[in-house]
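No value in this document is a laboratory result; all are computed from the given coordinates. Everything quoted here is computed from the prediction, not taken from an experiment. Every residue, glycine among them, receives a Cβ derived from its backbone with ideal geometry; neighbour counts consider all protein chains shown.
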Amino acid sequence: MPRIYLAGPDVFVEHARELTRRKQQLCEAYGLDGLVPLDTEEPSAAIDVPSPRIFAANVALMRSADAIVANLTPYRGLSADVGTAFELGFMAALGKRLYGYSNIAIPFRERVAAVFGPVRAGADGRLFGADDLMVEDFGHADNLMIDEALAGFGHCLITAEVEPGQEFDDLTAFEACLVRVRRDLAGHEPS
């Protein structure tokens, strides 16, 4: 059964164990073994686990996986969770299959404008936010390195717009990723 590393800020929600169990059950329904970082921690002692141990366990889990499905829904800001971005890059460096989803379909440029005010064209034609920092305008869901990593490895980024407050609980886009993973890994020998 192909092993899929499930990355994302899901581990930070109050009902993380319930949410990751739902994700693992969906994985199982598609013939996939969903690996979540929480599985490497003792439930009662998770907050007392030294960070180097958590990092090492997550790296080992990623190395053992055949692919990653990353929740790239913006987390506490305009962009994907930085830990998830690291995990996506790490898996890319390992040559693993990359899949991602976001439950916010608004392009990055529009999210910048909503938070920092109108985007303006600079003298050289590049776009800048009201904070005077350049705004990437490639029509991507997030930073070009995330979107292009997913595209460059021939896999997918699925975006969806969900009900407010359901950004981390709605698993429709996640399940759409699993459909792609199952199709792409059909007949694949697990790592």
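Taking amide H atoms as placed 1.01 Å from N in the peptide plane, the amide H of T159 lies under 5 Å from those of S102, each 5 or more residues away in sequence or on another chain. A full extension of the chain between A176 and V82 corresponds to an added length of 31.5 nm, given 0.36 nm per residue minus the alpha carbon distance.
Each Lys and Arg Cβ is given +1 and each Asp and Glu Cβ -1; about its Cα centre, segment 45-126 then shows a dipole of about 160 debye. Each Lys and Arg Cβ is given +1 and each Asp and Glu Cβ -1; about its Cα centre, the chain then shows a dipole of about 440 debye.
The fewest-to-most ranking of D142, D132, D124 by surrounding Cβ atoms within 10 Å reads D124, D132, D142. Exposure proxy ranking for V119, V69, V11, based on other Cβ atoms within 10 angstrom of each Cβ and starting from the fewest, stands as V119, V11, V69.
How big is the antiparallel share of DSSP beta bridges in the chain, given as a percent to the nearest 5? It would help to have the intermediate numbers written out before the result.
Working: 3 of 19 bridges.
Here the share of antiparallel DSSP bridges comes out near 15 percent.
What is the gain in length, in nm to one decimal, between M1 and D137 on full extension, counting 0.36 nm per residue of separation less the C-alpha to C-alpha distance? Walk me through the numbers on the way to the answer.
Values: separation 136, 0.36 × 136 = 48.96 nm, distance 3.94 nm.
That pair, M1 and D137, stretches by 45.0 nm at full extension.
Extension gain, E163 to A93: 0.36 nm times the residue separation minus the Cα-Cα distance gives 21.8 nm. Ranking of S102, S51, S64 by neighbouring Cβ atoms within 10 Å, starting from the fewest: S51, S64, S102.
Selection among L35, V49, N103 by position relative to the dipole of the chain gives L35 as farthest towards the positive end (Cβ unit charges, Cα centre). Go ahead and set up a Gaussian network model of the chain, Cα springs under 10 Å, then flag whichever of E14, E148, E161 fluctuates most. Highest fluctuation of the listed residues: E14. Amide H contacts of I4 (H built 1.01 Å from N, in plane; Pro and chain starts excluded): D33, G34, L35, D66 sit under 5 Å, all sequence-distant by 5 or more or on other chains.
Net charge around P9, counting only other residues with Cβ within less than 10 Å of its Cβ (Lys, Arg = +1; Asp, Glu = -1)? Each step should come with its number before you reach the end.
Working: positive: R76; negative: D10, D81, E167.
Local charge sum for P9: -2.
Tally Lys/Arg at +1 and Asp/Glu at -1 over every other residue whose Cβ is under 13 Å from the Cβ of E110; what's the total?
Computed value for this residue: -2.
What does a probe at A29 reach in segment 159-175, counting residues whose amide N is under 13 Å from the point 7 Å along Cα→Cβ? Backbone N within reach: 171-175. Which part of segment 84-128 falls in the paramagnetic zone of R183, meaning amide N under 19 Å from the point 7 Å along Cα-to-beta-carbon? From segment 84-128, the list is 97-102.
3J(HN,Hα) couplings calculated from phi for segment 97-106 with the Karplus curve 6.51 cos²θ - 1.76 cosθ + 1.60 (θ = phi - 60°) are, in sequence order, 6, 10, 9, x, 8, 9, 8, 10, 8, 5 Hz; Gly and Pro show x. Can you give the translational diffusion coefficient of the chain in µm²/s, computed by Stokes-Einstein from the Kirkwood radius over Cα pairs at 4 °C and 1.567 mPa s? It comes out at roughly 74 µm²/s.
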